[in-house]
Amino acid sequence: MKNTPKILLLEDELIIAAHLSVDLQKLGYEVLGIHAFAENAFKTISKNPPDLVLLNVHLRGRVNGIEAARYIMEQYQVPSVFISGISELTLIRQVLKTNPYGFLPKPFQFSTLKKVIKGAIGRILLEQNRLPFSIVR
C-alpha cells in the first residue's frame, strides 16, 4: 500500500456509488473505479489491485457481492467491506463467512463511513506491519 490507500467500489445503485466515491475522495482515498457487475471489477483488480474493496451484497449480473468478495480475497488477497440494506439473517451469515473487514448498514452517515473504512485500512496496515502514516486526514 502506497501513501494513498486505493479502494474499488462495487455497487449496483450508481447514484449511491457516485456519492460514496466523492466521500471516499474527501477522506483522502483513491477510488480506482465503480462497477455494478463483479465480472468487470475482476478485470480492474487483475490490472490494478486495490487495497480494499467496498461492495454491496446485491450486484448486477450473475455474481453477487458475497461471491465476489470471496473470489477477490482468494484470487487477489484483497479484503472487503460490505455496504448493504440487508436484514435477512441468512444473508448476513453468508456475508460474515467471507470475513469482511467491516460492514456498513444502509443508510449510514459520513462519520460511520469514515470510521469503518479507517478501521479496515488500519487492519490492513497492521497485518502488513506498516502502521507509520496517518490512515485518514
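Every read-out reported here was derived from the displayed coordinates using simple, explicitly stated rules and does not represent laboratory data. Because the structure is a prediction, the values reported are computed rather than measured. Glycine gets a Cβ as well: all are built from the backbone with ideal geometry, and neighbour counts include every protein chain shown.
Region 60-128: which trypsin sites (Lys or Arg not before Pro) are DSSP loop and have at most 15 other beta-carbon atoms within 10 angstrom? Display every interim value, and only then the final one.
On the way: sites: Arg60, Arg62, Arg70, Arg93, Lys97, Lys114, Lys115, Lys118, Arg123; in loops: Arg62, Lys97.
Those that pass, being in a loop and sparsely packed, are Arg62, Lys97.
If you plug each phi of region 27-33 into the Karplus form 6.51 cos²θ - 1.76 cosθ + 1.60 with θ = phi - 60°, what whole-Hz ³J(HN,Hα) values come out, in order, with x for Gly and Pro?
Rounded to whole hertz, the list is 7, x, 9, 9, 9, 6, x.
Could you pull out every residue, at least 5 positions away or on a different chain, whose amide H is within less than 5 Å of the one on Val78? Hs are placed 1.01 Å off N in the peptide plane, and Pro or chain starts have none.
So Val78 has HN proximity to Met73.
Report relative contact order for the chain in percent, whole number only (criteria: Cα-Cα under 8 Å, sequence separation at least 6). Kindly include the intermediate steps, with their values, before the conclusion.
On the way: 214 pairs, mean separation 29.3, N = 137.
RCO, the chain: 21 percent.
Students often forget the sequence filter, so: which lysines lie under 20 Å Cα-Cα from Lys118 once same-chain residues fewer than 8 apart are removed?
Those lysines meeting the cut-off are Lys2, Lys6, Lys26, Lys106.
For Leu32, list long-range residues whose amide hydrogen, built 1.01 Å from N in the peptide plane, is under 5 Å from its own amide hydrogen.
Residues meeting the criterion, in which the H sits 1.01 Å from N, are Ile7, Leu8, Leu9.
If you take every residue apart from Ser87 with its C-beta less than 13 Å away from the C-beta of Ser87, what net charge results, scoring Lys and Arg +1 and Asp and Glu -1?
Working: positive: Arg93, Lys106; negative: Glu88.
With Lys, Arg at +1 and Asp, Glu at -1, the net is +1.
Per-residue HN-Hα couplings for region 103-119, Karplus 6.51 cos²θ - 1.76 cosθ + 1.60 at θ = phi - 60°, whole Hz, x for Gly and Pro?
8, 10, x, 7, x, 9, 8, 4, 5, 6, 4, 4, 5, 5, 5, 4, x
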